[in-house]
Amino acid sequence: QVQLVESGGGLVQAGGSLRLSCATSGRTFSSYAMGWFRQAPGKEREFVTAISWSGGSTYYAHSVKGRFTISRDNAKNTVYLQMNSLKPEDTAVYYCAAGRMAVASISSHDYHYWGQGTQVTVSP
């Protein structure tokens, strides 16, 4: 199986930046599309961003477009989420996910491998 470990979360003031990393192991990383999802307390898990296996296609939730950037380095088996201009409403546990598909998906149901999550807290 693919193993995913997120890191880089923490506490930041509104307007600040964080970069999350998702280190992978197991099966061939380059064969998987990758996505980031987040979940706030009492809310459903929601799509944040996704990237195709080649890195050629990316998708962003409207709420983060222009502020967040997803990228991947297949040589390092790592996917990144650069988060700028953070807002308090971005506060959530962020999860990295992998799906055995070439095309990135915005649906959590298409991802079969998930990390433990990393907490991002944005103070006003």
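Within 15 Å of Val2 (Cβ to Cβ) and of a type in the set (S, T, N, Q) - does that describe any residue in segment 41-64?
No, that holds for no residue.
Quick one: in segment 46-57, of everything that is of a type in the set (S, T, N, Q) and modelled with pLDDT under 95, which residue is least open to solvent (accessible area, probe 1.4 Å)? Quick ask: steps written out before the conclusion?
Going residue by residue through segment 46-57, those that are of a type in the set (S, T, N, Q) are 49, 52, 54, 57.
Now narrow it down to the ones that are modelled with pLDDT under 95: 52, 54, 57.
Working: Ser52: 6, Ser54: 74, Ser57: 49 Å².
Residue satisfying both the conditions and the ranking: Ser52.
Out of (1) open to solvent by 50 Å² or more (accessible area, probe 1.4 Å); (2) of a type in the set (Lys, Arg); (3) in contact with a Phe, Trp or Tyr (Cβ under 8 Å, 6 or more places away or on another chain), the odd one out for Arg72 is which?
Answer for Arg72: the failing condition is (1).
It is to be established whether one or more residues within segment 93-107 are open to solvent by 40 Å² or more (accessible area, probe 1.4 Å), part of a helix (DSSP H, G or I) and either under 16 Å from Phe37 (Cα atoms) or not polar (S, T, N, Q) (or both).
no
Working only within segment 78-92, note down all residues that are of a type in the set (Gly, Ala, Ser) and either open to solvent by 40 Å² or more (accessible area, probe 1.4 Å) or assigned to a loop (DSSP other than H, G, I, E, B) (or both).
Ser85
The values are calculated or read from the model by the stated rules, or taken from the named source; none is laboratory data. Treat the numbers as computed from the prediction; the structure is a model and nothing was measured. Note: ideal-geometry Cβ built from the backbone for every residue, glycine included; neighbour counts use all protein chains shown. Accessible surface is based on the protein model in full, side chains and every heavy atom, while ligands, DNA and RNA are left aside. Shrake-Rupley method; radii C 1.70, N 1.55, O 1.52, S 1.80 Å.
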